[in-house]
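Presented below is the structure to which this report refers.
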Amino acid sequence: MPHLTFFRSIVAVALAAMGLTIAPAPSQAADNAMPPLPGVSIITAAEQYNISHLYYAGPKVRLTFDDCATQARLTGMENWLKAYNIQAMFFFTGRCMLAHPTYASQLVQAGQLLANHSYDHGDYSRMTAAQIKDEVRRYGSVIPTTTPKLCRPPYGAGAFSVGVYDALAQAGCRPAFWTVDTRDWDGSTAATIIGRVKYGDATTPRVYPGGVILMHGTGPHTLEALPGIRQALIDRGYATFHIN
Ligand SMILES: [Zn+2]
């Protein structure tokens, strides 16, 4: 069957080309290795808690920063976090890490945690399982991730859906959401951002122990808001995670 043989060789060439383009390097693939998680048929209340609190139950509050940042802003955030020995979690996209090749090592050296926020910031709730897995793996092909491996769906879309949960589980990843949405990306002032953390508003609850604060490296006033957020946590007797 010459036609079939020819077809197979074409497929092999195509797969090899795809492998060269999107497959992670072997050492990075090893860093991303994690036993598969079980699929679920329902997101239980306990699992919803885990997704919102990043699988943490305790007295501390986690600061998280999504998407990307300019070098100047990232350095400012790192310096501020270091000054108070705070360990935050950075959900930057794979595309961001590719555009800024020093960010991953810079953050790790600063004692900060990296987690997966997709490669290209697509809406997981509109994607097939294969597309979601590809987004997770393409991020992983740019940088190694932390343990436990957490994946925050862009926009939080699908974070509590069975389909997205299972697709992430197949990629060795646990869904991650937040408890406080500062909406710092929309140009809100530092005072407004701090107010949302302290008091909540119509769309977000206020911070509480075990909570996770969603911020963005792209937020124009986020860096400016950090001292007020820290003070609000101190006033309420809440601790943050420390750099080891
Ligand atoms: Zn995002």
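Nothing in this text is a laboratory measurement; each read-out follows from the coordinates by a stated rule. Everything numeric in this text was worked out from a predicted model, so none of it was measured. Note that we place each Cβ from the backbone using ideal geometry, even for glycine, and neighbour counts take in every protein chain shown.
For region 164-179, the Karplus equation 6.51 cos²θ - 1.76 cosθ + 1.60, evaluated at θ = phi - 60°, returns couplings of 5, 4, 5, 5, 5, 4, 5, 8, x, 10, 10, x, 9, 10, 7, 10 Hz by residue, with Gly and Pro reported as x. Label positions at Ala99 and Thr192, each projected 7 Å from the Cα along the C-beta direction, are separated by 2.3 nm.
Packing-based ranking of 151-158, 109-116 yields 151-158, 109-116, ordered from highest to lowest mean Cβ neighbour count within 10 Å.
Close amide H partners of Thr240, meaning residues 5 or more places away or on another chain with modelled amide H under 5 Å apart, are Val61. P(r) tail for region 128-244: Cα pairs beyond 25 Å make up 35% of the total. Listed by Cβ neighbour count within 10 Å, with the fewest neighbours leading, Tyr199, Tyr119, Tyr238, Tyr139 appear as Tyr199, Tyr238, Tyr119, Tyr139.
Max-minus-min Cα coordinates of region 40-240 on each principal axis give 43, 39, 28 Å, with the largest extent listed first.
For region 38-118, a/c is not less than 1.5, where a ≥ b ≥ c are the root eigenvalues of the C-alpha gyration tensor, and a/b does not top b/c. That puts it in the oblate class. Among Phe177, Phe90, Phe241, the order by Cβ neighbours within 10 angstrom, fewest to most, reads Phe241, Phe177, Phe90.
In summary, the lysines within cross-link reach of Lys60, defined as a Cα separation below 23 angstrom excluding same-chain residues under 8 places away, comprise Lys82, Lys149, Lys198.
When Val108, Val136 are arranged by Cβ crowding within 10 Å, least crowded first, meaning fewest neighbours, the order is Val108, Val136.
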